[in-house]
Amino acid sequence: MNELITAISTGVVAFIATNIDDIVILLLLFSQTNANFRPQHIFVGQYLGFIVLIILSLSGLFGGFVIGANWTGLLGLIPIAIGISSLINPEDESPEEFVGENLLSSDEYIPSFIAPQSYTVAAVTIANGSDNISVYIPLFASSQLASFWVIIGVFFLLLGVLCYTAYKLTHQKAIAEILTRYINHLIPFILMGLGIFIVLNTGALSLIKLAASCCCLIVLIRKDEAK
């Protein structure tokens, strides 16, 4: 029972850390819906893109079966590094610019049984999913098979909740503006917390060694910024 609760809570935290910023992009997408670009295209596209990100992250799960948990737990330093880097080097690109660069024309023809608009949204999801892969690989590597399936179930459930929430928020402009303005400031801390959990939960590093590793990461990231 404790393992189930841990898997669910881990899935919730991991999803929030890697996808909550997507609500800004979803708000922009839902605000552009019309007769040719419908909300269902966004829902389907989000799930398609997310499935691709999960598949690309499966190397962590398979690696966890081959390599001991103590070693794979070191991959938890990746989300910590991403969180630190996000604090030191905040992204300059706005969500509007990102969507503008990646969102293809809804009229573009893509031969498929799924609407081309859904593939367009999926492409945006994948393009914005590098952080997802960086977090999911160490997460899957440190998870047992049963926990993995629980986490995946939580992911897909919360993805639907996220899409529905964004859809509803398009009609609540004040709340949407608050989320757009402040939500990105929380993500680095969630990522670092998730990474710390992975490292300590697998016993990869002691608390003191983890703290020393974080200090080294800060120094390295600052040096990289100075170049």
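The values are calculated or read from the model by the stated rules, or taken from the named source; none is laboratory data. The structure presented is a predicted model; accordingly, all values stated were derived computationally and were not measured. Counting neighbours? That spans all protein chains shown, and the Cβs are built from the backbone with ideal geometry, glycine included.
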*Can you pull out the residues in the range 1-29 that are within 24 Å of Thr170 (Cα to Cα), modelled with pLDDT of 85 or more and either of a type outside the set (S, T, N, Q) or touching a Phe, Trp or Tyr at 6+ places or on another chain (Cβ under 6 Å) (or both)?*
Val12, Phe15, Ile16, Ala17, Leu26
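In the list Phe197, Phe189, which residue meets the criterion of being surrounded by fewer than 17 Cβ atoms within 10 Å (Cβ to Cβ), modelled with pLDDT of 80 or more and at negative phi?
Values: Phe197 fails: surrounded by fewer than 17 Cβ atoms within 10 Å (Cβ to Cβ).
Being surrounded by fewer than 17 Cβ atoms within 10 Å (Cβ to Cβ), modelled with pLDDT of 80 or more and at negative phi holds for just one of Phe197, Phe189, which is Phe189.
Go over the candidates Leu4, Leu53, Leu48, Leu27 one by one and state the one that is in contact (Cβ under 8 Å) with a residue 60 or more places away in the chain and more than 30 Å from Gln144 (Cβ to Cβ).
Details: Leu4 fails: more than 30 Å from Gln144 (Cβ to Cβ); Leu53 fails: more than 30 Å from Gln144 (Cβ to Cβ); Leu48 fails: more than 30 Å from Gln144 (Cβ to Cβ).
Criteria check complete, one pass: Leu27.
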_Let me confirm something: among Leu179, Leu169, Leu159, which residue is at pLDDT 90 or above, buried (at least 17 other Cβ atoms within 10 Å of the Cβ), farther than 25 Å from Cys214 by Cβ and of a type outside the set (S, T, N, Q)?_
Leu159
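Hey, among the residues in the range 70-90 that are over 17 Å from Ile218 (Cα atoms) and surrounded by 16 or more Cβ atoms within 10 Å (Cβ to Cβ), which one's modelled with the highest pLDDT?
Taking the range 70-90 as the starting set, the residues that turn out to be over 17 Å from Ile218 (Cα atoms) are 70-73.
So of that shortlist, the ones also surrounded by 16 or more Cβ atoms within 10 Å (Cβ to Cβ) come out as 72-73.
Numbers: Thr72: 62, Gly73: 70.
Among them, the one singled out is Gly73.
On the given criteria, is Gln144 touching a residue at least 60 places away in the same chain (Cβ under 8 Å) and buried (at least 19 other Cβ atoms within 10 Å of the Cβ)?
On the way: touching a residue at least 60 places away in the same chain (Cβ under 8 Å): yes; buried (at least 19 other Cβ atoms within 10 Å of the Cβ): no.
Considered against the rule, which asks whether it is touching a residue at least 60 places away in the same chain (Cβ under 8 Å) and buried (at least 19 other Cβ atoms within 10 Å of the Cβ), Gln144 comes out as no.
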*asked:* For the list (1) among the aliphatic types (A, V, I, L, M); (2) over 30 Å from Phe37 (Cα atoms); (3) at pLDDT 85 or above, I need the number of the one condition that Ala122 fails.
replied: (2)
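Would you pick out the residues in the range 1-22 that are surrounded by 17 or more Cβ atoms within 10 Å (Cβ to Cβ) and of a type outside the set (Gly, Ala, Ser)? Spell out the reasoning first.
Applying the first criterion (surrounded by 17 or more Cβ atoms within 10 Å (Cβ to Cβ)) to the range 1-22 yields 7, 10-11, 13-22.
Answer for the range 1-22, where residues must be surrounded by 17 or more Cβ atoms within 10 Å (Cβ to Cβ) and of a type outside the set (Gly, Ala, Ser): Thr10, Val13, Phe15, Ile16, Thr18, Asn19, Ile20, Asp21, Asp22.
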*Filter pass, Phe62 being part of a helix (DSSP H, G or I), modelled with pLDDT under 70 and either surrounded by 19 or more Cβ atoms within 10 Å (Cβ to Cβ) or at negative phi (or both)*: no
